[in-house]
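The values are calculated or read from the model by the stated rules, or taken from the named source; none is laboratory data. Quick caveat, the model's predicted, so the values are computed rather than measured. For neighbour counting, all protein chains shown are included, and Cβ atoms are generated from backbone atoms with ideal geometry for every residue, glycine included.
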Amino acid sequence: MKKTQVKEEVLKMKFEEVYDRFQKKKLTSEEASELLGISMSTFYWKRQRHDSDEFEGHFDLRLGRVSPQRAADYEIAFITKLYAGKYRGFSVRHFHEFAVREHGFKRSYSWTKNKLEEARLIKRSKRGGDHRLRRERKPMEGMMLHQDGSTHRWLPHLDYNLDLIVSLDDATSKITSAFLVDQEGTLSSLRGIRETIESYGLFCSLYTDRGSHY
């Protein structure tokens, strides 16, 4: 038996062992890919071939010789299944960031957006966009803290207004800090940030109005 055939048989046995554990839900896609030393998209493609009539007990080593069209086909299947199954509701920008960072995806943001639109997983964006389009909320808790101050006669027994300083999570609207002060300013903003971090941990970004103290 030639060395190439031996190597092919060893890889085939290793793949089938890992794939069997994956099917029994003893391994995740990420864990199985790591054991095999391949990307998640390659593992997905191998699973598709293994379950198809093309496999016929033969483990193809020529991963780099797949035609560009077939490569695009399995990448489309991978990215659409990943979005629909795990990241539904994410903006395309955030989904693409996660796909590249967490799943080793290589395609561009524009390619990803086009394929999700073609699969009707997202709505096709209007050319030029809408005027003053409402900002899309962040998809996960902790990604953005929203802070705002509101002036009102909050305490009826007082004859003057107070500023209510509210900090809340952009994704869930959970209030992380709220208190009254005589006048909104830098110190009140920093207090809201401090109370949020002390109770909920560090957030990724801060969204505010255009107050000069910011």
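If a residue has to be within 30 Å of the chain's Cα centre (by Cα) and closer than 15 Å to GLY149 by Cα to count, how many in the range 174-214 make the cut?
So the count comes out to 14.
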With the requirement that a residue be within 30 Å of ARG93 (Cβ to Cβ), in a loop (DSSP other than H, G, I, E, B) and of a type in the set (A, V, I, L, M, F, W, C), what does the range 139-184 give you? MET140, MET143, MET144, ALA171
The one condition in (1) touching a helix residue (DSSP H, G or I) at 6+ places or on another chain (Cβ under 7 Å); (2) at pLDDT 90 or above that PRO139 fails to fulfil: (2)
Here is a check on your reading of the model: is GLU136 outside the structural domain of TYR83 (by TED's automatic domain parsing), in contact with a strand residue (DSSP E or B) (Cβ under 6 Å, 6 or more places away or on another chain) and in a loop (DSSP other than H, G, I, E, B)? no
Enumerate the pairs (first residue in the range 77-105 and at positive phi; second residue anywhere and assigned to a helix (DSSP H, G or I) and modelled with pLDDT of 85 or more) with beta-carbon separation below 8 Å, excluding pairs fewer than 6 apart on the same chain, so at least 6 apart or on different chains. none
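Could you look through the range 58-93, keep only residues that are part of a helix (DSSP H, G or I) and farther than 23 Å from GLU31 by Cα, and pick out the one that is modelled with the lowest pLDDT? Walk me through it before giving the result.
Going residue by residue through the range 58-93, those that are part of a helix (DSSP H, G or I) are 63-65, 68-86, 92-93.
Next cut, farther than 23 Å from GLU31 by Cα only: 65, 68-70, 72-73, 92-93.
Working: ARG65: 44, PRO68: 51, GLN69: 50, ARG70: 52, ALA72: 65, ASP73: 76, VAL92: 87, ARG93: 86.
So the residue we want is ARG65.
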All-but-one check, LEU116 against (1) part of a loop (DSSP other than H, G, I, E, B); (2) at pLDDT 85 or above, failing number (1)
